[in-house]
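Participant: Below is the structure I would like to discuss, written out as structure tokens.
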Amino acid sequence: MGIRFILMVNKQGQTRLAQYYEWLTLEERRALEGEIVRKCLARNEQQCSFVEHRNYKIVYRRYASLFFLVGVDNDEVDALMVEILWRRERVRGWSLGLDLKRNLVSETERMMSKECLGCYPSLALEEAVNAIGQPTACYEQCNLWRSEDTLKYFLVLDRAVELDGFGSKSGLCACWPVGLNCNKDNELAILEFIHLLVETMDRHFGNVCELDIMFHLEKAHFMLEEMVMNGSIVETSKANILSPIQLMDKAS
Amino acid sequence: NKEQERLRVDKELGNIRNRFKKEKGLTPYDKKKYVWKMLYIYMLGYDVDFGHMEAVSLISASKYPEKQVGYIVTSCLLNENHDFLRLAINTVRNDIIGRNETFQCLALTLVGNIGGREFAESLAPDVQKLLLSSSCRPLVRKKAALCLLRLFRKNPDVVNVDGWADRMTQLLDERDLGVLTSSMSLLVALVSNNHEAYWTCLPKCVKILERLARNQDVPQEYTYYGIPSPWLQVKTMRALQYFPTIEDPNTRRTLFEVLQWILMGTDVVKNVNKNNASHAVLFEALALVMHLDAEKEMMSQCVALLGKFIAVREPNIRYLGLENMTRMLIVADVQESIKRHQAQIITSLKDPDIRRALDLLYGMCDITNAKDIVEELLQYLNSADFTMREELSLKAAILAEKFAPDLSWYVDVILQLIEKAGDFISDDIWFRVVQFVTNNDDLQPYAAAKAKEYLEKPAVDEKMVKVCAYILGEYSHLLARRPGCSPKEIFSIIHEKLPSVSTTTIPLLLSAYAKILMHTQPPDQVLQNQIWTIFTKYESCIDAEIQQRAVEYFALSRKGAAVMDILAEMPKFPERQSSLIKKAEDAEADTAEQSALKLRAQQQPSNALVVTDQHPSNGEPPPVFVGQLSVVKAPNMNNTKDHYSTEHVLSQENGNLSQVDQQPPSADPLSDLLGPLAIEGPPGATVQYENSAVSELESGPDVVDGSAIVPVEVGTNTIQPIGNIAVRFHALCLKDSGVLYEDPYIQIGIKAEWRAHQGRLVLFLGNKNTSPLVSVQALILPPAHLKMELSLVPDTIPPRAQVQCPLEVVNLRPSRDVAVLDFSYKFGTHMVNIKLRLPAVLNKFLQPLPVSAEEFFPQWRSLSGPPSKLQEVVRGVRPMALPEMANLLHSYRIAISPGLDPNPNNLVASTTFYSEDTRAIVCLVRIETDPADRTQLRMTLASGDPTLTFELKEFIKEQLVSIPTVAQAPTPPPPAAPPTPQIPPNDPAALLADLL
């Protein structure tokens, strides 16, 4: 789906702007912000700008005392490992190996909270399969499903391979969302999108600083609203982004 | 600080609340101000529910500034399921279809961010119209595109996109890059849903890419550091990756030219932003090339590029280089060229972001480079971040096992691994090495020597102590001739560690001592005394496992020759998949939260792999174990049957230690006792693992006592039955007439008729002798679910006569319990009393019911989930071919419906069950088998009655799990019971049997 959230946080860890493109409760937001800010702030210059955190990949960039953090989907590596295992070793879905299994367990936790998908016997698989469309690729014992809704992929390991009249939905089945290549976001593009946002703010405020964003929260929101919609990029031309704001400034 | 912030926020919230309450005096400016303040407070993490209404109400304001605030704040505060949104739906619609462009934009954005089903239902056509309208300005249309995207994603059933292919093609001709960017997102969603319908868009995408990347034909505003909208380029290439292939040769050629252009034309430049943007495009191009399965040449070019990237200093590029190289592994031809970069990749292990390199190494490892890679990983283990060590060691262990060039290398690797990262590795890793060593005779002396070497070091990790003590206990006698390896020396090396280990390791050490002692031939008096002192010391240990072992080993080691059998070397493990992998499976079969707990519970008191799994330590309550029997496939070689018997033993009074000594030490009764218990064990299982053997020995008498609760009992009589009672019972479960019991004096036959929930049995009591049987008594002990009435049984059966006793049975409800016939008679001075199970079992009340697909599936679906529908993975199934299983089910009156299940390895069956309470209930069964492993299957049972579902499931399971004749009768046949070989041909009872 693209961008899940955009955060601006200062060095003390105070949130200056938060825009989510998926619904999280207040508690979830607070926890998430705390965790990722701690994680990102602890990193040094030699480390890359991408951090994996739960089901997000955080792309972050630091400008003076302000951190810009953008959360995008992060799933592709699991799928990748599956692909590799399959093509090279023809492992059956049943015995994927422990490392995948471990991913699976951590994935499960997050699925419980988010996607409401089940892993393990008859947990929430009804829902899982309801959310899932047709299998896009079938391996021996492992189905790759794609959800119509979120356009995510799900890997379903099941003894009963086919979605037949019996509905593989019941039973021993592990299911976790993965992103194939297509579903992952281009990290560098996001990284530069942050810079575009900063440049746009810079153009408007002139040498933008933390206080500008704090005291003109509405303007920052207007800009974001012009640039991103529901997690997809709408506009990348600075002039177009700023024109409604300028119009308003003139009016008032 | 936080507290001050909270106070300030509370005050401010109170203020806002008051202002909103007064309402009237609020100027539009104030209202806006307070709503923004609210959003700010919300962002800080405080609840502002009270203000939702205010935000929503601003949407219907007539002035733009207020309306705008209303829209933006609403979409930040509410989600699609919020009730207040309904209030706004009309205003939103009016704004969308209205003439005011700015209002349209606001409304579209709101719907695009939080629009739910109701919005989709009422607005989708309008939004579609806007997107295509030629009179609309781009700024409206780009929002309409993403708005439609949201509605389509959320409710694909409501939004009609039939025939949209043409319109999308049209949209892609758009010149305005804003509209194009949004449309591309929409296209990605549509194509990913159904790429076939949109193939006409493919050449358009290529054209756009060409226009951007090659011709750089874009307005200045849309170039970013000289690069034509990198985001649109990326998105376009993303869309192209949803098409499986490109068939049209012209399009394909154009695309490859553009890609080639991107691959070759991207240079590393000084400006960070430009560099990032161009590499964003480049990485996407690489992904597309990979997706398109380009020619080998182009692929190698990509690998070369990536090789360049993983060597640069810029951490982002290096990270992505590694990640993309991992992805490249999928492409078969380039693996060799990737290997050329191995050295560089290994260097990257030292990166702060080590994960990528580790994944890549793990993926690229094969037999040719395993040694190098694993050794690098081991070396790196010393300096690795603590959070990485577990993963690192696990990966090293898996690779070492998978690609080991020789076994001694594997042993070396694992021992090194334990030495370096003992705290971070799971028990499975050392369990596995024990298996390897046990199964490879050549390896044993080497492993023992290595173990000794490691154990001699100071400060050894506890896991190392475990594995070394185990190996030395088993195999140190193979080293006896080497210098420094006498039993005494080995013992003292191990014993040195004892003070520093925890209670879970001590039992292992005790086992090792016992084994060393046993291998010391001729016995060494000094060593023996030393070890005995230790055993005596632990005899009063507070830890039950240690205490038990100390007592047992002490007792055993004084038995002399008998010990040799019990403490013999562990038998080979059957070849099977890695326990690491198995562990993954087990947990899968389990429920998420329980699995970890259970596995831990299983492993905790572990000394040796096998023993633990079938023998929970004494302190552990048996129910825990019972619960998991059916679900978890414990990683040992025994099947459920053994579990059953062991558990059965354990659920009796366990660990009555004094019995060890009471038990006569001769070998005979021992093997008799063990024999039936280990009936399905692997060959050589009679003298199983020291621990279980001992426990079975010690609880041996219990087994005999235990049989008292099993209905088959031969009481005090000296008369032996002819034939196996259990076998006869099981035969009768399948057919309706036959002999239930026979001894030299009497034969009891049965003939039964079953109709729905009622049954009529006739007992034929035949006196085989020339003198009468007297004091004949028959008593029925019916289980709760059966109503049984036995007609009068005569007190005396005349010589060579047969008496018929009808028995009426009514089935009240489903249950697997079995009725028992308590039968006694007197012959001469012999008083005989027997208790016999009666074959009025569950399956007798079944009526096979073949069904068609039309009947089956609606029923199957309507019974969803427990308790009406139950599923279980059954392991340790008696291997049988599918037709055989079908026959078995058929004989239990469950009708197979062939062809219902598309998978030929599955069986679908159905039957009707009758009881007075439930009347007729249809039961549906599905059994899925695994052709690769006949010992396990998955069974799903469904019926309208939860009890029935459960009972029937258990019933079928019992029939499948083991050979029924044994499963039902864990009682050992009495020691001296040679079945009477034959019946004289003129015996009337035999004739009777024939008649029946």
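Participant: Subtract the Cα-Cα distance of B:A756 and B:N833 from 0.36 nm times their separation in residues, and report this length gain in nm to one decimal.
Facilitator: 24.4 nm
Participant: A follow-up question, please. If you add up the charges near B:M299, with Lys and Arg at +1 and Asp and Glu at -1, over every other residue whose beta carbon is less than 13 angstrom from its beta carbon, what do you get?
Facilitator: Around B:M299, the surrounding residues sum to -3.
Participant: Something else about it: Just subtract the alpha-carbon distance of B:K457 and B:E297 from 0.36 nm times their residue separation and send over the number in nm, one decimal. Can you show the working numbers first?
Facilitator: Numbers: separation 160, 0.36 × 160 = 57.60 nm, distance 5.40 nm.
Contour length minus the Cα-Cα distance gives 52.2 nm.
Participant: Between B:A304 and B:T368, 0.36 nm times their residue separation minus their Cα-Cα distance comes to what? Walk me through the intermediate numbers first.
Facilitator: Values: separation 64, 0.36 × 64 = 23.04 nm, distance 2.13 nm.
Difference between extended and current length: 20.9 nm.
Participant: Would you mind ranking B:D743, B:D30 by Cβ crowding within 10 Å, fewest neighbours first?
Facilitator: B:D30, B:D743
Participant: Additional query: Evaluate the distance, in nm, between pseudo-label points positioned 7 Å from the Cα of B:N15 and of B:D442 along their respective Cα→Cβ axes.
Facilitator: Going by the 7 Å Cα→Cβ label model, 8.4 nm.
Participant: With each label point set 7 Å from Cα along the Cα-Cβ vector, what nm distance links B:D267 and B:V727?
Facilitator: Result: 9.1 nm between the two label points.
Participant: Kindly state, to the nearest 0.05, the FRET efficiency for B:Y64 paired with B:T245, given R0 = 45 Å and r defined as their beta-carbon distance.
Facilitator: Approximately 0.35, to the nearest 0.05.
Participant: Say R0 is 30 Å: what FRET efficiency, to the nearest 0.05, do B:E569 and B:R481 get from their beta-carbon distance?
Facilitator: That pair, B:E569 with B:R481, gives E of 0.95.
Participant: Counting other beta carbons within 10 Å of each Cβ, put B:D293, A:D212, B:D173 in order, fewest first.
Facilitator: Neighbour counts put them in this order, fewest first: B:D173, B:D293, A:D212.
Participant: With the cut-off at 24 Å, tell me which of the pairs A:K11/B:K274; A:K219/B:K142; A:K11/B:K235; B:K142/B:K235; B:K466/B:K488 have Cα atoms farther apart than that.
Facilitator: A:K11/B:K274; A:K11/B:K235
Participant: Related question: Quantify how strongly other chains surround peptide A:9-16 by giving the mean number of their Cβ atoms within 10 Å of each of its Cβ atoms.
Facilitator: The per-residue average across the peptide is 1.
Participant: Taking B:K869 as the anchor, which lysines have their alpha carbon closer than 21 Å to its alpha carbon, excluding any fewer than eight residues away along the same chain?
Facilitator: The reachable lysines, counting only those whose Cα sits under 21 Å from B:K869, are A:K169, B:K953, B:K957.
Participant: Let me ask you something else. Going through the cross-link list B:K350/B:K371; B:K395/B:K463; A:K238/B:K129, which pairs have a Cα-Cα distance over 25 Å in this structure? Could you put the intermediate results ahead of the total?
Facilitator: Values: B:K350/B:K371 19 Å; B:K395/B:K463 18 Å; A:K238/B:K129 27 Å.
Flagged as over cut-off: A:K238/B:K129.
Participant: Please sort by residue number the GluC sites (Glu not before Pro) in segment B:269-308 whose DSSP state is loop and whose Cβ has at most 16 other Cβ atoms within 10 Å.
Facilitator: Passing sites in segment B:269-308 are B:E295.
Participant: If you don't mind, there's one more thing I want to ask. If packing is taken as the average count of other Cβ atoms within 10 Å, what order do B:148-154, B:422-428 fall into, highest mean first?
Facilitator: B:148-154, B:422-428
Participant: So for each of B:481-489, B:338-346 I average, over its residues, the number of other beta carbons within 10 Å; can you give me the resulting order with the highest mean first?
Facilitator: Highest mean packing first, the order is B:338-346, B:481-489.
Participant: Note down the net charge around A:L224, summing +1 for each Lys or Arg and -1 for each Asp or Glu among other residues with Cβ under 12 Å from its Cβ.
Facilitator: -3
Participant: Jot down the radius of gyration and Dmax of segment B:843-960, Cα atoms only, both in angstrom.
Facilitator: My reading of the Cα-based Rg and Dmax gives 13.2, 42 Å.
Participant: Tell me whether segment B:246-378 comes out rounded, prolate or oblate; compute the Cα gyration tensor, take square roots of the eigenvalues as a ≥ b ≥ c, and use a/c under 1.5 as the rounded threshold.
Facilitator: Details: a/c = 2.76, a/b = 1.38, b/c = 2.00.
Because a/c hits 1.5 or more and a/b fails to exceed b/c, segment B:246-378 counts as oblate.
Participant: Further, regarding this structure: Lysines within cross-link reach of B:K21: Cα-Cα under 23 Å, excluding same-chain residues under 8 positions apart?
Facilitator: Once the sequence-local lysines are set aside, what remains near B:K21 is B:K11, B:K31, B:K32, B:K33, B:K37, B:K63, B:K67.
Read the figures in this text as sums done on the coordinates, not as results from a lab. The structure presented is a predicted model; accordingly, all values stated were derived computationally and were not measured. We place every Cβ from the backbone using ideal geometry, glycine too, and count neighbours over all the protein chains shown.
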